[in-house]
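Data first, discussion second: the structure below is written as C-alpha cells.
Values in this text are rule-based calculations from the coordinates and carry no lab data. None of the values given here were measured: they were computed from a predicted structure. Neighbour counts run over all protein chains shown; Cβ positions are idealised from the backbone, glycine included.
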Amino acid sequence: MEILLIVVSAVFVNNVVFARFLGICPYIGVSKKLDTAIGMGFAVTFVMTLGSAIAYLLYKGILVPYKIEFMQTVMFILVIASLVQVVEIVLKKVSKVLYASLGIFLPLITTNCAILGVAILANQGDYNFFESVLFSFFSAMGFILAIVLFAGIREKLETADVPTPFKNVPISFVVAAILSMAFMGFSGLVK
Amino acid sequence: MKDALQVFTRGFVSENPVLKMLLGLCPVLAVTTTAENGLGMGLATTFVLLGSNTVISASAKLLPKTVRIPAYIVVIATFVTIVDLLIKAFSPELNQSLGLFIPLIVVNCMILGRAEAYASKNGIGYSIIDAFGMGFGFTFALLLLSAMREVLGAGTIFNIPLVGEDPKTILVMALPPGAFAGLGFIIAGLNALEKKQKSNA
Amino acid sequence: MKPIVVLTLVGVISALLLSYVYDVTKEPIAEAKAKMKREAIQKIFPFTFDSLRTNKTEKAVFYEAYDAELNIKGIAVETSTDKGYSGNIEVLVGVSTACEVYNYKVLAHAETPGLGDKIDKDKFKAQFKGKGLEGVVWKVKKDDKDGFVDELTAATISSRAVTEAVYQGLKLVSEEYPKLSDK
C-alpha cells in the first residue's frame, strides 16, 4: 500500500514537471520530436535513479555522521556530474547504438534540475533506501510521461495555424499550462 | 566604456536569459507566485552569478581543460550554499517560500552557461558587468511574471491588497498552469512588440 | 596528475570556506528558527506573552506561554492529521488554561488552493474560538446536526480534517499535558 502510494504520488499527483517545476529546460528544449523526447526520458531515468541511490548512501553514510549536512548541495552535484561522465564513458565502450541515441543528452543532464531536485527530495522525505530509489525511479517515469505527452502535441502543433507572436515557444507554454491543469485533476488521489 | 554599457544592457532585453534564451526556467515558473518571492529569487541568483563569474574569470587560466566543468560546478555550488545559509539566517520567511529552489540555483543553466560562455574567456571587470547585466535581466523577468501572477491570482502586489479584503481573483494564475501560461503570454507579447519595432524601422 | 590536484584543491577550498560560513551563520539560523516559532505561537494567542517554555512528553511537544509575572497564560501544541484531501495537515493549536481553544494556525498543508486552503482563513477559524471539550460536538454539521463546524463549500474533507486536528490538540492539552510533573 505504502509503495503504491509513492508510485502514484510520484508519477501523477506530484509530477516533477507539472507540480514541482523541475526539469523544465529539457522539457521545453528537447520536446520538439517524439523520439528525442523518449531518448531524453530514458537518459534521465537512468541517471536519476542511480544518482539518488548514491546520493542517499553518501548522505546517510558520510554527511550525517560527520554533521556536515551543509555540504549536501556540493556533494550531490558532484555525484551527478561524475555519474554522467562515467555513464558516458561506459556507454561509449559497451554499446555504440545506445551511445548514439542517448549520448547527446548526457551532458545536458548535469544541469537538469530534476535530477538534483529529486535527489534532495528523496533525502528529505522519511524514505528508507528502497523507498527513495523507488521514488526517484517513478519520478523519472513521471518526467517521461510529461515529456512524451508534450512532444506528441508539439509535433501536431507544427502544422497548426498559430498567431505569429505565439509561434514556437509561447504556444508550447500555453499547451504546458493546459496539460498541467489536467494533471491537477489527480490531486486528492493520494491522501 | 560604450562596450561595457553594451555588455551590461544586453541581459535586459536583447539577450534576456529567461525571455530570449529560455535558461533557468524551473525557478522562474516555480517561485513566481508572489512578487516578493520573485524578487528574492532573482537577487539570490544574481549574487551566485556574481560570485561564480568573478572567481571563474580570475582562475580560468589555472584550471586544466579536462576538469573545467566539475570545477565550475563546485565553485557555483559553494556560492549557492553560502546564499542558502545566509537566507536561512537572515530571512527565514523567504527560506520557507523558496525552499527547495535555493539549492537548485546550482543547476540553473544560466549560471553554468555564463561561466562557460563568458567568464572563462573574459577579464574580471567585464565578467562582473556581465553578471550584473544577466542577473538583473533574470530578476526583471522574474519580477514581471511574479507581479502579473500575484495581481491576477491573489489581488495583491508585494502583499499589499489592491482590491479590498477577500477578493474574487483568477485563482488559476497562482497555480502551476498560471505560471506556464503567464510566461507564454509574456514571450508572445515581447515577440509582437519586436515585430512592430522592426516594421516601423 | 595536474587535473586531479587542481580539482582536489578546488574541493578543499570550497569545504573550508563553507565550514567557516556555516560556523558564522549557525547561531543566527537557530535564532531565526526560534523567532519564527515564537511569532507563529504569538499569532494564535489573543494576549502578548512574555516568555515561552518548551515541555515535552512522549506524545507531544507543548509550548507554555507565560506573562511577565511568570503566570501561565496558555498552551500551544502541534498536531497533524493524515485525513486531509491531499497529504497531511499540520496545525498549531492555542489552548487556554481552562482548556478552551483560542485559535489555531495551519503550519503545513497541500489542500486545494481556493477551496480547501480556506481552512487557514480567519472566517473559518473564528468558529473554533472558545470551544472546549464539555458539551461540544466536534463534528462538521454535514456529519452530525449537533456539530458546530460549518464546513467549507466544496471542501468538506479539509474541514473535517482540521476539525479533527484541532480536537486532537485540545485533547492532548486536557489529557496528556497534566501528566507533566514539571509545570
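A few remarks follow.
- The packing ranking of peptides B:103-111, A:83-91, A:5-13, highest mean first, is B:103-111, A:5-13, A:83-91, where packing means the average number of other beta carbon atoms within 10 angstrom of each residue.
- For chain B: span of alpha carbons on each principal axis (Å, largest first): 59, 51, 28
- Inter-chain shielding of B:20-29 (mean C-beta neighbours from other protein chains, 10 Å cut-off): 5
- For the range C:1-40, the Stokes-Einstein estimate of translational diffusion at 10 °C and a viscosity of 1.306 mPa s comes to 129 µm²/s, using the Kirkwood hydrodynamic radius over alpha-carbon pairs.
- As a calculated quantity, the FRET efficiency between C:ASP82 and B:LEU62 at R0 = 60 Å, using C-beta atoms, amounts to about 0.65.
- Mean Cβ neighbour count within 10 Å, used as a protection proxy, ranking A:145-153, C:89-97 highest first: C:89-97, A:145-153
- The Cα-based radius of gyration and maximum Cα-Cα distance (Dmax) for the range C:46-183 are 15.0, 47 Å.
- Whole-percent pair-distance distribution, where bins are 10 Å wide, for the alpha carbons of the range A:51-191: 10, 28, 30, 24, 7, 1
- The equivalent ellipsoid of the range B:120-161 has semi-axes of 34, 8, 4 Å, largest first, where each one is the square root of 5 times an eigenvalue of the Cα gyration tensor.
- About its Cα centre, the range C:51-179 has a charge dipole of approximately 180 debye under the convention of +1 per Lys or Arg Cβ and -1 per Asp or Glu Cβ, with nothing else charged.
- The mean count of C-beta atoms from other chains within 10 Å of the C-beta of residues in A:166-179, rounded to a whole number, is 6.
- Note on B:80-93: average number of Cβ atoms from other chains within 10 Å of each residue's Cβ is 6.
- Our coupling estimate for the range B:3-20, obtained by passing each phi through the Karplus curve with A = 6.51, B = -1.76, C = 1.60 and θ = phi - 60°, is 4, 4, 4, 5, 4, 5, 7, 5, x, 6, 10, 4, 10, 3, x, 8, 6, 9 Hz, Gly and Pro reported as x.
- Residue (of A:LEU50, A:PHE129, A:VAL64) at the positive-pole extreme of the range A:29-144, dipole from beta-carbon charges: A:LEU50
- Kirkwood Rh, Cα atoms: Rg over Rh of the protein assembly as shown: 0.99
- Taking N as its residue count, the alpha carbon Rg of the range C:1-99 over 2.2 N^0.38 Å: 1.73
- Diffusion coefficient (Stokes-Einstein, Kirkwood radius over C-alpha pairs, 20 °C, 1.002 mPa s) for the range A:113-174: 154 µm²/s, rounded to a whole number.
- Given R0 = 51 Å, the distance between the Cβ atoms of C:VAL5 and A:ILE178 translates into a calculated FRET efficiency of 0.45.
- Neighbour counting of Cβ atoms within 10 Å sorts the residues C:GLU134, A:GLU69, fewest neighbours leading, into C:GLU134, A:GLU69.
- Taking 7 Å steps out from each Cα toward its Cβ at A:VAL8 and C:GLU90 produces label points 2.4 nm apart.
- Placing +1 on the Cβ of every Lys and Arg and -1 on the Cβ of every Asp and Glu, with nothing else charged, gives the protein assembly as shown a dipole about its Cα centre of roughly 1620 debye.
- For chain B, modelled as a GNM whose springs connect Cα atoms under 10 angstrom apart, the maximal fluctuation among B:ASN53, B:ASN191, B:ASN95 occurs at B:ASN191.
- Cut-off under 5 Å, modelled amide H: who pairs with C:LYS139 long-range: C:PHE148, C:VAL149
- GNM flexibility winner over chain A from A:ILE178, A:ILE109, A:ILE80 (Cα, springs under 10 Å): A:ILE178
- Cα-projected label distance for C:ALA68 with A:LEU98, points at 7 Å along beta-carbon direction, nm: 7.3
- Packing-based ranking of B:20-33, C:161-174, A:30-43, C:8-21 yields B:20-33, C:161-174, A:30-43, C:8-21, ordered from highest to lowest mean Cβ neighbour count within 10 Å.
- Max mean-square fluctuation residue, GNM over chain B, Cα-Cα springs under 10 Å, options B:ILE102, B:ILE69, B:ILE128: B:ILE69
- Under 13 Å from the C:LYS142 label point (7 Å along Cα→beta-carbon), backbone N, the range C:69-87: C:85
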